[in-house]
1. Looking at (1) surrounded by fewer than 16 Cβ atoms within 10 Å (Cβ to Cβ); (2) within 21 Å of THR143 (Cα to Cα), can you tell me which one SER36 breaks?
2. Might you check whether a residue that is open to solvent by 40 Å² or more (accessible area, probe 1.4 Å), more than 60 Å from the chain's Cα centre (by Cα) and without any contact (Cβ under 8 Å) to a residue 40 or more places away in the chain occurs anywhere in segment 79-101?
3. Looking only at residues in segment 115-162 that are open to solvent by less than 40 Å² (accessible area, probe 1.4 Å) and of a type in the set (D, E, K, R), which one is farthest from the chain's Cα centre (by Cα)?
4. Quick check on my filter: what residues within segment 41-84 are in contact with a Lys or Arg (Cβ under 9 Å, 6 or more places away or on another chain) and in a loop (DSSP other than H, G, I, E, B)?
5. So THR258 ticks every box in (1) polar (S, T, N, Q); (2) part of a loop (DSSP other than H, G, I, E, B); (3) open to solvent by 30 Å² or more (accessible area, probe 1.4 Å) but one. Which box is left unticked?
6. Residue pairs, Cβ under 9 Å, 6 or more apart or interchain, first in segment 43-59 and modelled with pLDDT under 90 and among the aliphatic types (A, V, I, L, M), second open to solvent by 80 Å² or more (accessible area, probe 1.4 Å) and in a helix (DSSP H, G or I). List them.
7. Within segment 269-287, restricting attention to residues that are in contact with a helix residue (DSSP H, G or I) (Cβ under 9 Å, 6 or more places away or on another chain) and not in a loop (DSSP other than H, G, I, E, B), which residue is farthest from ILE156 (Cα to Cα)?
8. Restricting to segment 198-234, give me the number of residues that are without any contact (Cβ under 8 Å) to a residue 60 or more places away in the chain, under 30 Å from GLU162 (Cα atoms) and open to solvent by less than 30 Å² (accessible area, probe 1.4 Å).
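The values are calculated or read from the model by the stated rules, or taken from the named source; none is laboratory data. As the structure is a prediction and not an experimental result, all values here were calculated from the model. Because the Cβ atoms are built from the backbone with ideal geometry, glycine has one as well, and the counts that use them run over all protein chains shown. Accessible surface areas use protein heavy atoms only, side chains included; no ligands, DNA or RNA. Shrake-Rupley method; radii C 1.70, N 1.55, O 1.52, S 1.80 Å.
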Amino acid sequence: MKLVKPFFGRIAASLVLIPLLALILGEAFTHTFNLSLDVSLIDRILLTFQKPLIFVLVAVIEVLMIVVARRMLAPLTQWLQNPDGQHSGLYEKARKSALGLPWALIAITTGFWTVGTLVFFALNGWKAPGGTSLGWVLAFKITEGFLFATLNANLINLMLLEPKRALNMQKLRDGERDTFLLTRDFITVLGSGLALVVHLAYVAEYFIGRSPEQQGPQGLLLSSLFVGLVIVGITLIIIVLARREREIQANLLKTRITELSSRKDVDLSQKTAVLNFDEVGMLADVFNTYTDTLGAMVTDIRQSTSTLKKSYSGLASGMGNVESVMRGMTESLSHLMAQAEGETQSVHSAHRSIEAIGENLETLNTSLQSQAAMIEQSGAGIEQMVSNIRSVTANIEQVESRYTELTLAAESGKNRINEANGDILKVAQMSTLLLDTNKVISGIAAQTSLLAMNAAIEAAHAGTYGAGFSVVADEIRKLADKSSQQSKEVGAQLKKIKSSIDGAVGASGEVSKGFSSVAELIRVVNRFEDEIRSAMVEQSTGSKEVVDALAAMHGITGTVNNGARKISEEAGTLRAGMGALNELSLKTKMELERVTGDMEQLNKAYQSIGQMIQDNALALEKVDSQVAKFRV
């Protein structure tokens, strides 16, 4: 691919015309304000074209600058002639080929005129053949060469914008920094300022040293104004060229920004061309980087919106399932609240029942303690009665042989009592001990009362011999009545706790039958012995039975008392447990109420989330429609 318009011919023309213009203006200025000349202003200007040697020197400078520019711009020219068939190294050189050209032009121009001026004065013996001193000539050539070289560099940079655009530079790379363009404003001000100071000083010296009769320029102010306008005009041209160069780059950037902001269909893959490696080029580079970032963002947004659409679709269906689950949870919580309310009431009722049982057990424990004390008193009375019986029995030991059958019957009664006691212990171990024991005690008290009554009858029959025994029998009967009364009270308390204790009645009946057998045997003995002997034997046997019964009653009462105490302790533990259970039930009810409230809040939050999902879906549609206009 070749450029439609060749660019180096225009650069060569600029390299020829600008130095020639600088020579003509400089020589015209030097001759116009030369004190050694006494000719008219027109003749002074015409002297400019009467020095062919200096034009030859200018031609040499121009040829040198053209050769240097051609060599420096060769990579750019080669790449533009065949951009597709070149290697990357040539492209890198083409990008940087124009960076050193302005400095080369300034160096060649100022350096050549400096060396040429020194050589020219050296050949003339360091004298001024034209009347201008070496210092002024060097000052003119250096400042004029610097100023016009700056003008030429700006003009050539403007001409190179089109070839640079063909390079399609989009990013700045390492080392790509145009120091001339970055310092161009300073260079322009420096060159124009030095040229203005030097030339106006020369004009001032001319008017100070000229005679009034001398021909040439006559007005200091007009001359200074004209010289200043020429230098300022050249400076303005440089500024205009620099501004035009910046405007071209800025317009490319502006056009691209306008496309991004106004067009409905925007291609983010297109980039703004970077023409120069100056501030505006850096701005274009940053903008291209931003465009790449924007393209990546658009791609990510498209992918994200697509993913979000799928997620919202799944979330919408999932929210429908969540709604049904929450509805079921709400119904379950309602049922659970009703059950918790019933459980709380049941636990509260059970707690009140346990409290009542505990109070009854305390009453029972008190009654058992009273009964144990009475049994101990009965035991003491029986012991006294037994000692009396033994005293009487000592008088009738001679008829001991006749008590054999009576003793056997007493032993049989004792065995049956033991069997009844064993049954009572077994029943007590089967959770009916208390009631059965009470009935046994009641039976023993009744039998004791019967024996006391029989003993009183026999004592009455015995007359004087049975008087002491009659007193003892009466005391035994009273104690038996008291024991019976206490047994009734204990039985009333035991019936409130254990209704199953009735099962021990059978065993108590067997004990009663055993005592009946003893009574029958005593009656048989009565038929063979006289009333006193029969009474002694019966009382002796009965006393033994009573002692054994009281001992059994004392042991049973202790067992019952211990059992009652343990039951009371267990009832206290159960009461504390029921209290804790009651509190736990109340807390459970409160927690269920709180969970129900949370479920209501969760349901409201779910409805808000559903609305948010719909709003976000609409927002995603808008974002997708906005992102769709970007092509990456």
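1. (2)
2. No: segment 79-101 contains no residue that is open to solvent by 40 Å² or more (accessible area, probe 1.4 Å), more than 60 Å from the chain's Cα centre (by Cα) and without any contact (Cβ under 8 Å) to a residue 40 or more places away in the chain.
3. My answer is LYS141.
4. ASN82
5. Every listed condition holds for THR258 apart from (2).
6. Final answer for the pair search is LEU53/PHE120; ILE54/PHE120; LEU57/PHE120.
7. Step by step, filter segment 269-287, then rank; the result is PHE287.
8. Count: 1.
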